[in-house]
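Working notes, beginning with the structure itself.
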Amino acid sequence: MKKFVISTLIAVTFASTWVSAETLTESQEKQLIEINELLRNNPSVIENLHESLKQYVASQAQFERVKEQSYDWLYNNPNHSITGNPNGKSVVINFTDYNCPYCKKLEVVLAQLAEENSDLKFINIYVPLQQQQVAGIDTNSALYALNVWKQQPKAFTQVHDLLVAKNGRHTKQSLEAIADKTNTVALLKTSDEQQMIIARNYQTFTALGLGGTPGMLIGEQVIPGYMPYDKLKEVIESEFSK
């Protein structure tokens, strides 16, 4: 147990941020001194820690490589829907799923932040992990939203809000009800192009090392999972004030 606690403490310290010797803060300098003391007093954990750090460095390198290779797909792709200010300079990549309860909870937070900061732009990368197919209909919530965004963009905000408002997973009945209410029934269909977009989204999502939705890229930070309003506002203000 003692070995596990020490390894976890050190892993968390390094995983909290990616730093170099030239950019260590006063707090990080203090942490390194404490880590050094822990290792001297517990030499048995060094071997496992060394391997863990090698794996962490390798994963960071892969993340940066994938992020660079996927930059245009994520940030400059008209196929992805946008909430907030379409012309905003403070861009947040939001990996999301309309069937995920925490994604829907996060959407409420994002909407509040967008109201308070007119420069925020949220790019939605649909990764429908919770539901690939909906019984009885040739689409799902992600494919339907993509279709509305491209074919009938004026209806997107209303469709998006209704998709978020639905408790639980979407069904044939819920999608048809939303489409009927927003006059988008003709868009309840799937195309090869939409399928390819979702497939590329999923490929990018996994290559970045993300394992579940929601997930966000905010400046240089990766936020895996839901984050409450206060903490997310702090991250956004910190990243976009640089």
Handout entry: Euclidean distance between Cα centres, the stretch 167-207 to the stretch 114-131, Å
Key = 16 Å
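If you roll a 1.4 Å probe over the heavy atoms of the protein chains, what accessible area per residue do you get for the stretch 63-162, in Å²?
46 Å²
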Practice task
Take every Cα pair under 8 Å in the chain that's 6+ residues apart, average their separations, divide by the length, and report that relative contact order as a whole percent.
Solution key: 21 percent
Problem - the chain - charge dipole about Cα centre, Lys and Arg +1 at Cβ, Asp and Glu -1, debye rounded to 20 - result: 600 debye
Exercise for the section: Out of all DSSP beta bridges with both ends in the chain, state the antiparallel percent to the nearest 5. Expected result: 65 percent
Problem - Solvent-accessible area of residue 161 with every protein chain in place, 1.4 Å probe, in Å² to the nearest 10 - result: 80 Å²
Completion exercise
Set 150/172; 121/172; 104/242, cut-off 27 Å on Cα-Cα distance; pairs above it are 121/172; 104/242
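For the full complex of protein chains and a 1.4 angstrom probe, list 216, 196, 227 by accessible area with the highest value first. Display every interim value, and only then the final one.
Numbers: 216 0, 196 135, 227 35 Å².
Listed by decreasing accessible area, they come as 196, 227, 216.
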Problem - Over the stretch 84-135, relative contact order from alpha-carbon pairs under 8 Å, at least 6 apart, % - result: 56 percent
Handout entry: Charged-residue dipole, Cβ positions (Lys, Arg, Asp, Glu), the stretch 111-214 about Cα centre, Debye nearest 20
Key = 180 debye
Problem - Top positive-direction residue, dipole computed over the stretch 77-223 with Cβ charges, set 79, 199, 111 - result: 199
Handout entry: Nearby aspartates and glutamates by direct alpha-carbon distance to residue 233 (threshold 16 angstrom, same-chain neighbours under 8 apart not counted)
Key = 107, 115, 116, 119, 220
Exercise for the section: Show that you can apply the helix-only estimate: for the chain, add -39,500 (n - 2.57) for every DSSP H stretch of four or more residues, divide by all residues, and state [θ] at 222 nm to the nearest 500. Expected result: -18000 deg cm²/dmol
Problem - the stretch 90-212, relative contact order in percent, only Cα pairs under 8 angstrom and at least six apart counted - result: 29 percent
Practice task
Identify all aspartates and glutamates with a Cα-Cα distance to residue 181 below 20 Å; exclude those on the same chain that are fewer than 8 residues away in sequence.
Solution key: 138, 161
Exercise for the section: Determine ³J(HN,Hα), in whole Hz, for all residues of the stretch 206-212 in sequence, where each value follows from phi through the Karplus function 6.51 cos²θ - 1.76 cosθ + 1.60 and θ = phi - 60°; x replaces Gly and Pro. Expected result: 6, 5, 6, x, 7, x, x
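At 1.4 Å probe size, put 44, 191 in order of accessible surface, largest to smallest. The partial results should precede the final answer.
Values: 44 80, 191 45 Å².
Final ranking, largest accessible area leading: 44, 191.
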Handout entry: Tilt relative to the chain, helix 46-69 - C-alpha long axis, 0 to 90 degrees, to 10
Key = 40 degrees
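Tell me the GluC sites (Glu not before Pro) within the stretch 168-234 that lie in a loop according to DSSP and have at most 12 other beta-carbon atoms within 10 Å. All intermediate terms of the calculation are to be shown ahead of the outcome.
Working: sites: 176, 193, 220, 234; in loops: 220.
Passing both the DSSP loop test and the Cβ count: 220.
The values are calculated or read from the model by the stated rules, or taken from the named source; none is laboratory data. What you are looking at is a predicted structure, and each value in this text was computed from that prediction instead of being measured. With ideal geometry, Cβ positions are generated from the backbone for all residues, glycine too; neighbour counts draw on all protein chains shown. In case anyone asks, the SASA skips ligands and DNA or RNA and just uses the protein heavy atoms, side chains included. Shrake-Rupley method; radii C 1.70, N 1.55, O 1.52, S 1.80 Å.
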